[in-house]
Each structure stands twice: as structure tokens, then as C-alpha cells.
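Written out below as C-alpha cells is the structure these notes cover.
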């Protein structure tokens, strides 16, 4: 783990306890998860007890305490997507990857998550793989797309 | 960038920007909102840049990516000024023709303009398209004219002149008074009068006060705030600075959810640019008023849209709501008086200050003034953002602007107000959309989500969906919400899975009542709404699920089977190839049969079977006919049969 990087992130926020969430978001964005050592460093530097750090990082959905896969799949479960069949799309993705929302597969290829609205309701049902939005999905085609990822 | 030290210098700068812009030279605006970007707007912009260079027009034509004008259904959207030619569904492949024909020769490309689906009439200019024609776009109307990363675009439209007016021509009390007189009510969901809120924060005795933009837009299916944040961030900042001046705050925060990366970027750029011009910082416009703004990223918690939770989150803590009073206006961020308003509320402020409360007052109904942006989504032809004066009928929004229901399906309901809102059936479609009328109909205005549902949407499933959402987003602090919502979800899930029993409806009503009455914050207090409103208008659907184990909309998978009618099947292989669990057997000349033990009821076969065959049937609460004998499955094609007969 790159401790210098974490230290730099903490310093960017002037070691302020009120910046806890912002610091954690930066670490999450950098490493795609929050390693235990990182939490301990933050706790020490900000003088915030580990119990509060655990409370905070488990409260907010943006944080992950386990490593994430190389590709992040976010299936939109917003209302517009829901009424257009997002549930069926999600099921086909679950079958194809063998994982459920919140999980990462054993070879760290995919992490599957559901999100509450990607805000491109005109394309619903929609999912995002890494930065790419894929819209107007039907179950079988959504699952087929996954073959394009290494 | 020069520091602007007075209102006169601001006006001078505006004139300077305008004088450098030839109003007759072609300008290409491409919507770069999240919806259009998802359909390739980025590639379209790059293609324009390349094509303009290729056709030797560099420096003569200006291309910019702008905010979202709202017509997401037909994106990517391109508007070419000064003619205001509006092209829809543009791809990079269309770009050479647009530059060659429209820019150089001033010819309109017919296939890219709006065509009315019924009358086949074309609408070339943006303002002639029915989707826009029936709107009143005070807040999002400027989005297509502004490159959100360019403050000069905002200044050219008279941006920050309301700030200059407030700082130099109005006392803080007058600003509060004007907002109070305008009748502006909070656009985030509560609908509380903004002027009264400001007045409370202004009168709270404290040296330090804060102002906050609540940009934690979390309702699924709602993205109006994002469109303003991404498309016109300066309008929010200008409102915020005016509010800070009125209340007496010198520090402000914009709380943006991290799921909106482009909004975060554009707001941050806007703050930097405003600082460079001296519109933020110390001695703003030479008035002596100091104000700074910080952006705070939300980390993914729906409950943080609730103001006390949001303020705790700003302090770096878990966002668990507190009981009110004390209200943030007296004890908010770090215990100081804090005024917190939604994005759209702040964006209305410069308009009210510039044009006056009387101007603002002329739009809307008696108790709901101004316009409101709705995100019109779901089973609707024209998905997009719609800004209308309060009081427009729901029917007009759905049919005149939204274009009605696609695929020849029947309208069932509109769900307004987000997860805590309610469903409005056909019989109530003529109600005027404002805060009070929607509440009377059992729904709420909420932040402006409007989800249209058709005959294929199951209302019990919709209630289950929202209650599931709320149960997952409940912070768990108070037990009525934590346990009540969870139990409501358990009962609803059972009903949709065919496990509903007598008394479930009454139990739901009981739970709804106690959860609503005893919960700490708005999340729990309004969590029963989706259940109560669907029960009020669609009780028969609950009863069908419980008594007959039937889902009338064929949406609840556990209650629906699919069956291929051997008389209608033409053995075309379409469904067989698309079945992801290989539950369909058959062949080119062999009638297809669904193996019920393998079928997951995903419905793909039903959707792909061509309408003129209509061979795949949905069954609910009916036995599935057994497969026909193997020898009868061999299909003799019609022609062959005819040949054999002659």
C-alpha cells in the first residue's frame, strides 16, 4: 500500500476531522477500496477514534472495505429503469457473473453494484460498466456485453 | 481575468464580452449533459471540431458543449444559432453534412429535425417543438446557451446582475422581503416558504452563520437538480451569494452527491472562475461583503437529503437525522444558524431579485408560485426534463409535453414525489400540479420526479420497490422507521410472490399508520405513502394478488408463466435463440415449447415474438397447458401445405 499517497491525501485536507468523509472518498477513488491500514492511518492523523471511522465508512455506500474488481458494473435500479424491466436485467447479469450486488468475483474481474439513478432515464434500463453507459438493455443482450471485458 | 470592482465594471465586462461575439456568426451548441453524453455527445463534439478544421472554418464557427435542455429522449441534441436550428438524435456521422449543408449553405437537413409523430409536421427551431412549446423554461431555458465551464457565457446573458442589484441597491432585509413576497417555496420536497426560512436565519442571534446548497439529489428517476448543477452552476452560486448577503453569512457549502461527477466538476470550475472575477471572496464587487464557498461531496446516503442529516455529513459524521426543533435556522452546522435550500430554489433567487416578486408571482397558482422542473420518465414517449408553471394539469404534462404512452399501451398512473410520493390514477389526471393539489390527491410534489406507468406496471410491485428502497436507505437510528419499513417490505414482497394472506392489507395499513406517526425524520414519516396511495387507488390489484394469486399487470414474476401457443407458433427461432436459460426447445420446423421447470419468467420470449404471430402468451392464475405430443410439433410450412393440397 502506498502510504505516502494516503499521507498526501490527508495533508491535502489539512488533517481536519471534519474532512473525514472527503479524505475517505479520495482514498477510495485512489485505491478503489479502503484498506485497513489506511483507516488506521487516518484515525491516527485526524485523532478520530476507529469506532467513529468504522461507523462512518459503513454508513455511506461509496465506501468499500474489500478490494473491488477490475471492472465495476453499476446496474441502475432507478424508478424509470425499474418500470422498464431493470430487475430482469440485473438477474441476467447476476447469472452471467455469478455474483450478487455488492459482491466481487473470485478472480477480481467484475464488481457488481446497483445504483439508484444514473440520470439517463431516456435510456432505461441502463447500466454503467466502468465509465461507459449502456442503455435500452434487454436481459440476454446485457449479459452478452460482459464477454467484451477482460 | 480582471477583478471586477463595481457594478459598472460588471456591466462593462458584459458589453466587452458581447462586443467580441458576432451575433451573426454560426454557433453550434451540443448538449453535454449526462444523458446526451451517454448516447455519444462527446463523439459529436469531437467530430464537429475535426470537421470544422477540415472544411476550413476554424475561427469562424464556435462549437461548445452545453448543459441539458431537457429533451433527453431525442439526444444528442444540437442547436445551431443564430437560426436556432435544432437537430435531434445527432451522431458523429451526421456532422460532415451539418457543417457542409447547414453551416456553409444554410440548408436545413430534414431528417434531423423534429417530426411530429402524428401530423408529420416538421419543427426546425427549438421553440417550435411541441415538447418545448408547452413549457415555461425560466431555470433550464438558458442551459443550451451556456458552456457551463465558461463564466463569460453566463455574464453575457446578464449573469450576476442580480447580485450587483442586491448588494448595491437593496438592504439585506429588502432581499429577504422580496423573496418572501415572491411566494417562492422550497423545491427540494418540503415546499416550505423560502422567505420565512431566510427570515428565521437572518433573525437568529449569532456572529457566524452558514448557507448551504442541498444538491444531494437522491430520488431515483429524478435528475432536475443535476441538470442545473451541470448546465448552469453560476445561477445557483449567484442565488447562494445573494442569500448569504440577506442572511448575514460569510461561508457557504455546496453538498453534491459524488455520483454526479460532472456536476461536481462544473460547480468547482464555476467557483474558481467566480473567485477570479471577484464575485466570490472578499469585498465582492467592491461592496465590502465577503463570502466563500466550499464544495462537499456526499458519499452515497439517501437520508443525507434530509437537512439535519446533511449538516452532520458536512461535519464529517454519519448522516443520521436529528429531531427538530431546534431547526437549522437557529442551530445548524457546528451549532450555528444555517440556511439550507435546494438547488432549484437557489437558482430561482437571481430571477426574483432581477425581475421582482411581482414578475415571479404571475406564474403559478395562489399558493404555489413560479415554475417547477419535473423529470418526466418511465413509460412515456418524451423522456426528459420539463419546466412548467405551477398549476398546469398533469394531463397536459403527460400528453401535450410527454407525448403520451409509447407502444400503444394504456396509461395507468403517474407517480410523483420520489420514493415518499404517491401514485395518481387516470381519474385524477386533470388536477392542477402544485404543492397543495398533489398532496390532496394523496401524492406530493417532492423534488419533482414524475414516473409514468402503463398497464404493464404492477402497483403492488411499485409499492414494494419504493418501500424496499426506503428500507435500505433507512439510517436505522429510530426503530419505527428501521423496523416498520422493513416489515412493510416483507409483507409487500410476500404479496408479490404469491404468499400474501388474508389480513395483509389491514396489517399494512396499521404498520403504515404507526411508522408514519412515530418516525424521527421525513424518510420514515413519509415511507408509508407509496403503500397508502397505491392502496387508495389500486386496492383491487392487492386483492387480486392475495386472493387469486394473480398479477393483473403480469409483472410479478412468481405469479406469471409464459406459454407458446402451438397454433400460433411459426417456429421462427426468435424466442428460442434469445432465451438466456435455454428453456425453449424446438427447431426450424418444430413448434417451440417452453420447459416450465427451466423458465425464469424473464419475459424475453414474450417481447421478441413478433406481434403478428403473438404466439407467446402470459398467464397468471391460470394453469399452463401441457406440451403437445412430439409428433404434432413438426410444422408443415403453409406454402408446402398448399402445394400438397393442390
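Computed from the coordinates by the stated procedures, all read-outs in this text should not be read as laboratory data. Keep in mind that what you see is a predicted model, and the values were worked out from it rather than measured. Note that we place each Cβ from the backbone using ideal geometry, even for glycine, and neighbour counts take in every protein chain shown.
A simple spin-label model places pseudo-atoms 7 Å from Cα toward Cβ; at residue B:208 and residue B:558 they are separated by 5.3 nm. Could you work out how far helix B:261-276 tilts from the main Cα principal axis of chain B, as a 0 to 90 degree angle to the nearest 10? Once rounded, one gets 10 degrees.
Tell me, B:454, B:434 in order of fewest to most beta-carbon neighbours within 10 Å? Write out the running numbers ahead of the final one.
Working: B:454 20, B:434 23.
Neighbour counts put them in this order, fewest first: B:454, B:434.
From a point 7 Å beyond the Cα of residue B:46 in the direction of its Cβ, which residues of the range B:63-102 have a backbone N at a distance under 12 Å? From the range B:63-102, the list is B:92. Per residue, the Cα convex hull of the range B:130-231 amounts to 163 Å³.
If the chain linking residue B:133 and residue B:367 were pulled fully straight, counting 0.36 nm for each residue of separation and taking away their Cα-Cα distance, it would gain 81.7 nm.
Arranged from fewest to most other beta-carbon atoms within 10 Å of their beta carbon, B:85, B:515, B:91 become B:91, B:85, B:515.
Find how much the distance from residue B:409 to residue B:55 grows on full extension, using 0.36 nm per residue of separation minus their present alpha carbon separation; answer in nm with one decimal. Kindly include the intermediate steps, with their values, before the conclusion.
On the way: separation 354, 0.36 × 354 = 127.44 nm, distance 4.68 nm.
Taking residue B:409 through residue B:55 to full extension adds about 122.8 nm, to one decimal.
Tell me, what is the FRET efficiency for residue B:582 and residue B:192 to the nearest 0.05, using R0 = 60 angstrom and their Cβ-Cβ distance as r?
The value I calculate is 0.60.
Largest mean-square fluctuation among A:112, A:46, A:90, in a Gaussian network model of chain A whose springs join Cα atoms under 10 Å apart, belongs to A:46.
Relative contact order of chain A: 21 percent, from C-alpha pairs under 8 Å at least 6 residues apart in sequence. From the largest down, the range A:71-148 spans 34, 20, 19 angstrom on the principal axes of its Cα atoms.
With the simple model of a label 7 Å out from the Cα in the direction of the Cβ, residue B:269 to residue B:536 spans 4.4 nm.
Computed with the Debye formula from one identical point scatterer per Cα of the range B:1-139, without solvent, the log10 of I(q)/I(0) at q = 0.12, 0.14, 0.15, 0.22 Å⁻¹ comes to -0.54, -0.71, -0.80, -1.34.
Compute the relative contact order of the range B:13-145 as a whole-number percentage, counting only Cα pairs closer than 8 Å that sit 6 or more residues apart in sequence.
Relative contact order comes out at 27 percent.
Using a/c under 1.5 as the rounded threshold, could you call the range B:460-547 rounded, prolate or oblate? The axes a ≥ b ≥ c are square roots of the C-alpha gyration tensor eigenvalues, and prolate needs a/b larger than b/c, oblate otherwise. Taking the square roots of the gyration eigenvalues as a ≥ b ≥ c, the range B:460-547 is prolate.
Could you rank the peptides B:325-338, B:346-359 by their average count of other C-beta atoms within 10 Å per residue, with the highest value first? Numbers along the way, then the final one.
On the way: B:325-338: 19.5, B:346-359: 21.4.
Top of the packing list down: B:346-359, B:325-338.
Express the Stokes-Einstein translational diffusion coefficient of the range B:371-457 in µm² s⁻¹, to the nearest whole number, given a Kirkwood radius over alpha-carbon pairs, 20 °C and a viscosity of 1.002 mPa s. Don't skip to the end; give the middle numbers.
Details: Rh = 12.4 Å.
My calculation gives 173 µm²/s for D.
Using bins of 10 Å that start at zero, the share of Cα-Cα pairs per bin across the range B:560-644 amounts to 18, 53, 24, 5, 0, in whole %.
Between helix B:459-473 and chain B, what is the angle of the helix's C-alpha long axis to the longest principal axis, kept within 0 to 90° and rounded to the nearest 10? Roughly 50 degrees between the two axes. List the residues of the range B:369-386 whose backbone N lies under 19 Å from a point placed 7 Å from the Cα of residue B:84 along the Cα-to-Cβ direction. In the range B:369-386, the label zone of residue B:84 (backbone N under 19 Å from the point 7 Å along Cα→Cβ) covers B:386. Here the gap between residue B:21 and residue B:125, fully extended at 0.36 nm per residue and compared with their Cα-Cα distance, gives a gain of 35.3 nm.
Extent of the range B:427-510 along its three principal axes (Cα atoms, max minus min coordinate, largest first): 37, 33, 20 Å.
Just the ratio, please: alpha-carbon radius of gyration of the protein assembly as shown over 2.2 N^0.38 Å, N its number of residues. Walk me through the intermediate numbers first.
Numbers: Rg = 27.7 Å, N = 796, 2.2 N^0.38 = 27.8 Å.
Against the compact-globule rule of thumb, the ratio is 0.99.
Taking all Cα pairs closer than 8 Å and separated by 6 or more residues, the relative contact order of chain B comes to 11 percent.
Under the rule a/c < 1.5 gives rounded, and otherwise a/b versus b/c splits prolate from oblate, where does the range A:3-59 land using the Cα gyration tensor? Rounded shape, in that the Cα axes give a/c under 1.5.
Quickly estimate the mean residue ellipticity at 222 nm for the protein assembly as shown, helices only: each DSSP H run with n ≥ 4 gives -39500 (n - 2.57), and the total goes over all residues, rounded to 500.
Numbers: 30 runs with 300 residues, N = 796.
It lands at -11000 deg cm²/dmol.
The angle separating the long axis of helix B:41-54 from the principal Cα axis of greatest extent in chain B is about 70 degrees. Peptide B:469-480 has a mean shielding of 1, counted as Cβ atoms of other protein chains within 10 Å of each residue's Cβ. For the pair residue A:30 and residue A:51, a Förster radius of 22 Å applied to the C-beta separation gives a FRET efficiency near 0.35, rounded to the nearest 0.05. Comparing mean-square fluctuations of A:59, A:31, A:110 from a GNM of chain A with C-alpha springs under 10 Å, the top value falls on A:59.
Spatial offset of the range B:106-178 relative to the range A:79-114 amounts to 39 Å, using the alpha carbon center of each. What ranking of B:289, B:71 emerges when the number of other C-beta atoms within 10 Å of each C-beta is taken as an exposure proxy, fewest first? Sorted ascending by nearby Cβ count, the order is B:289, B:71. Here the label points at residue B:613 and residue A:8, each 7 Å from Cα along the C-beta direction, are separated by 6.0 nm in the simple model. If R0 equals 35 Å, the separation of the Cβ atoms of residue B:507 and residue B:440 corresponds to a calculated FRET efficiency of about 0.85. Semi-axes of the equivalent ellipsoid of chain B are 48, 35, 19 Å, computed as sqrt(5λ) over the eigenvalues of the C-alpha gyration tensor in descending order.
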